[in-house]
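Down below is the structure, laid out as structure tokens.
The values are calculated or read from the model by the stated rules, or taken from the named source; none is laboratory data. Since we're looking at a predicted model, the values are computed, not measured. Counting neighbours? That spans all protein chains shown, and the Cβs are built from the backbone with ideal geometry, glycine included. SASA here: full protein model, heavy atoms, side chains in, ligands and nucleic acids out. Shrake-Rupley method; radii C 1.70, N 1.55, O 1.52, S 1.80 Å.
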Amino acid sequence: MTMTRNIDSRIQTLKSLRSFAGLGERDLSSIVRYGEHTVYRKQRNISYQSDQVDRVILVLGGRFSRLKYRADESCMILGKGGAGDWVGLTEFLVSCPYLYDAIAEEQTEALVYSAGAFHELIQSTELKDRLLRYLAKSVYLLHTQIEINSPYLRLVQHIMANCRQVDSGEVALMATQDEIAKAIGTTRETVNRYLQ
């Protein structure tokens, strides 16, 4: 009886999420049955950047951060996620490693799908349509995030925030190109190119 109650509760959770609204009972039931219910404690990794994708995760509740680590050991926040978001979906579909660390900001409840279970799950045409819309939205948000995090915009913001008026009345930024590059998470060459 408890198992049935848990399944019904998770189906109700899915129905409350905009991305699953209007999805048929059969598909909702499949989503719950194929996934293994998992709870991630606060500050636990849901995925690790560069690990080969071995599962796809659907977040039912809680919040997580997407962190992208760069080769220069700096880190960029790609945004936050929550109920209704997928982790590893894109990577699974193109057979590549996880693109970012997903870290629970609070206790986060999820359904975790093995490769076989996820393949079974996406046999539904209606669910494929929902996943396609989710991926399209993700691409749109990614492009927005890239624009926000471009080195040029970070450079402009850094200069505006750190310029000081000097004795002559002029405005100056007292820093080397290396210092600016470290402050905005890019290379000295990039800073030099944009300053030119």
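At a glance:
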{"item": "Normalised per residue, the volume of the convex hull around the Cα set of region 95-195 (Å³)", "result": "168 Å³"}
{"item": "Loop chymotrypsin sites (Phe, Trp or Tyr not before Pro), region 1-52, which have at most 11 other Cβ atoms in a 10 Å radius of their Cβ (DSSP)", "result": "none"}
{"item": "Span-rule helices in the chain, defined as complete DSSP H runs reaching 20 Å or more along the axis (Cα) with Kyte mean at least -1.0", "result": "2-16, 125-148"}
{"item": "Restricting region 24-56 to trypsin sites (Lys or Arg not before Pro) in coil, as DSSP defines it, with at most 15 other Cβ within 10 Å", "result": "41, 42, 44"}
{"item": "Histogram of C-alpha separations across region 36-99, 10 Å bin width, %", "result": "21, 53, 25, 2"}
{"item": "Karplus (6.51, -1.76, 1.60) ³J(HN,Hα), θ = phi - 60°, over region 91-99, in Hz, Gly and Pro reported as x", "result": "4, 5, 5, 10, 6, 10, x, 4, 8"}
{"item": "In Å², nearest 10: area of residue 16 left accessible to a 1.4 Å probe", "result": "90 Å²"}
{"item": "Convex hull volume per residue in cubic angstrom - Cα atoms of region 89-149", "result": "119 Å³"}
{"item": "Links that overshoot a 24 Å alpha carbon limit, given the list 15/68; 80/137; 15/80; 15/137; 42/137; 68/128", "result": "15/68; 42/137; 68/128"}
{"item": "DSSP loop GluC sites (Glu not before Pro) with at most 16 other Cβ within 10 Å: longest gap in the chain", "result": "1-72"}
{"item": "Computed accessible area, residue 67, all protein chains, 1.4 angstrom probe, square angstrom", "result": "30 Å²"}
{"item": "Within region 61-102, trypsin sites (Lys or Arg not before Pro) in DSSP loop having at most 13 other beta-carbon neighbours inside 10 Å", "result": "70"}
{"item": "With all protein chains modelled, accessible area of residue 176 [1.4 Å, Å²]", "result": "70 Å²"}
